[in-house]
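These notes are about the structure you will find just below.
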Amino acid sequence: MPERRTVALVTLGCARNEVDSEELAGRLEADGWLLVDDAAEADVAVVNTCGFVEAAKKDSVDALLEANDLKGHGRTQAVVAVGCMAERYGKELADALPEADGVLGFDDYSDISDRLQTILSGGHHAPHLPRDRRKLLPISPAERQSAAEAVALPGHGAAETPAEPITDLPEGLAPASGPRTLRKRLDDNPVASVKLASGCDRRCSFCAIPAFRGSFISRRPSDVLHEAQWLAEQGVREVVLVSENNTSYGKDLGDIRLLETLLGEISAIEGVERVRVSYLQPAEMRPGLIDAMTGTTDVVPYFDLSFQHSAPAVLRRMRRFGSTDQFLDLLKTIRDRAPQAGARSNFIVGFPGETEADFAELERFVTHAGLDAIGVFGYSDEDGTEAATYDGKLSEDVIADRLNRLSRLAEEMTAQRAEQRVGTEVEVLIESIEDGVVEGRAAHQAPETDGLTTLTGVEDPQIGQFHRAKVVASEGVDLIAEALEPVRVRQAPGAGE
């Protein structure tokens, strides 16, 4: 019997990319590939790249070069780029980076096994010429669902349910009752993301994502629910809903309030103990959604709000809306309903035309917003964006100075917010136990981005357990909490069999 082909997936970037990697893993394993964790042990190393900002693109290139260095020293024979950077640049990336043996776009995902086999056999798959993916779907959101079957939408699954149940999949792959596209978990973390939608209809002047991710299109609620149920059966206790813009969910399905209903349905799934919503647009927040996120059982009051700035003049040049006072009012509305609600955001400093007065307005907002986590980025031109053509560009020194100033303020204010949680009770999901140190996250802490909570005094800790705990100290954005009692976790269907 011939030795199975091996493949390793290296994932960079956001949670959406992680979902895409698990789709690719599912497709490959279903076609006979053996998934391995270490790229040095793989025949093919597949790097799922990020193409959002310059730093992320550099990280992606570095990862491709690092994988290429394995060739000739071990098992690795080929390195392949997929993901946003590969989709965004296509042939240009292939020409600039000959170390990559293949550059595959989203349209290649459904045939990923054949593509890798061709490359591994010494063949050549021509990289695509990038195109504006917004043009692949109708302008009218109401007409998009009927056209979606012909468009590659990573993480969405097929448009139709299989006619016959799939019964011969390798263990651990999604069954027919689960996601419509095969998905293979790449870790055993009790947290996993589910895509609500893909693409974005907003036209922020600094952002290139809509051009290579396409227009906004929602997944059908039944597909989201099937996938969340399957994840619960795999031991997932927290489901994180992701997309480029969750507040638009349902607009192309005829009901912009669909998310409010869906949250209750996901939280009712056996085994799901926590539901988190990410990627919210402040200008699209509505009272009903705030009520659902603060009042639905097992949905955490966590608000990942994409403010980007707070000075009205800068926001207008960004093609966004709002002001410091409007944003503060939004946060007050949220905290009137849930005083301990978590809130995070990202900000761009040094945007073309940003004055010292504009920057001072942003500092005022950050000072009074009480955010739990803040990401700060210095502006840089992005290929193909409107902002890249703007006048009023600031010098690198000015951008660096403002980046440092706001970063220091953000660090101070988020540490202050964490300190305010000392003495409160939190519910912590345990995610790691190492050398006797038990770490997890409270409801206001999202995976990867918002800090951790260290639990003390836990008897027989287990990954995936929830514990009620009292916060006794803070270190920056991180908390230290004393365990009070475990929280009962509902048994997932099929668990323990």
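The values are calculated or read from the model by the stated rules, or taken from the named source; none is laboratory data. Here the structure is a predicted model, which is why all the values come from computation and not from measurement. Backbone-built Cβ (ideal geometry, glycine too); neighbour counts: all protein chains shown. These area figures cover heavy atoms from the full protein model, side chains too; ligands, DNA and RNA do not enter into them. Shrake-Rupley method; radii C 1.70, N 1.55, O 1.52, S 1.80 Å.
Shown for the chain: cysteine residues without a partner Cβ closer than 4.7 Å, namely CYS14, CYS50, CYS84, CYS200. Based on C-alpha pairs under 8 angstrom that are at least 6 apart in sequence, the chain has a relative contact order of 10 percent. For GLU475, the residues whose modelled amide H falls within less than 5 Å of its own, excluding neighbours fewer than 5 places apart on the same chain, are ILE480. In this rough spin-label picture, where each label sits 7 Å from Cα along the Cβ direction, the ARG408-VAL36 distance is 4.9 nm. Within the chain, no whole DSSP H helix has Cα atoms reaching 24 Å or more along its own axis together with a mean Kyte-Doolittle score of at least 1.6.
Within the assembled protein chains, the solvent-accessible surface assigned to SER140 is about 50 Å², based on a 1.4 Å probe. Within 13 Å, Cβ to Cβ, of ALA311, how many net charges do the neighbouring residues add up to if Lys/Arg are +1 and Asp/Glu are -1? Around ALA311, the surrounding residues sum to -1. Rounded to the nearest 20, the Cβ-based charge dipole of the chain about its Cα centre (Lys and Arg +1, Asp and Glu -1) stands at 1580 debye.
Protein heavy-atom accessible surface, 1.4 Å probe, per residue over segment 1-126: 42 Å².
Other residues with beta-carbon under 13 Å from the beta-carbon of LEU406 carry, at +1 per Lys or Arg and -1 per Asp or Glu, a net charge of -4.
Scalar couplings 3J(HN,Hα) for segment 141-156, obtained by applying the Karplus form with A = 6.51, B = -1.76, C = 1.60 to θ = phi - 60°, are x, 5, 9, 6, 4, 5, 9, 5, 4, 8, 10, 6, 10, x, x, 9 Hz; x denotes Gly and Pro.
Here the Karplus relation 6.51 cos²θ - 1.76 cosθ + 1.60, evaluated at θ = phi - 60°, turns the backbone of segment 348-355 into coupling constants of 10, 10, x, 5, x, x, 5, 9 Hz, with x for every Gly and Pro.
Would you mind getting me the FRET efficiency between GLN340 and GLU3? Use the beta-carbon distance for r and R0 = 60 Å, nearest 0.05. It comes to 0.65. Other residues whose C-beta falls under 9 angstrom from the C-beta of PRO141 contribute a net charge of -1, scoring Lys and Arg +1 and Asp and Glu -1.
Taking all Cα pairs closer than 8 Å and separated by 6 or more residues, the relative contact order of segment 377-465 comes to 19 percent. Quick one: of the DSSP bridges fully inside the chain, what percent are antiparallel, nearest 5? Around 40 percent of the beta bridges assigned by DSSP in the chain are antiparallel ones. At full extension, VAL472 and LYS332 could sit 47.8 nm farther apart than now, given 0.36 nm per residue minus the alpha carbon distance. Across segment 413-470, the mean sequence separation of Cα contacts (distance under 8 Å, 6 or more residues apart), normalised by length, yields a relative contact order of 40 percent. For GLU448 paired with ALA142, estimate the spin-label separation in nm (one decimal), with each label point 7 Å from Cα along the Cα-to-Cβ line. For GLU448 paired with ALA142, the spin-label model returns 3.7 nm.
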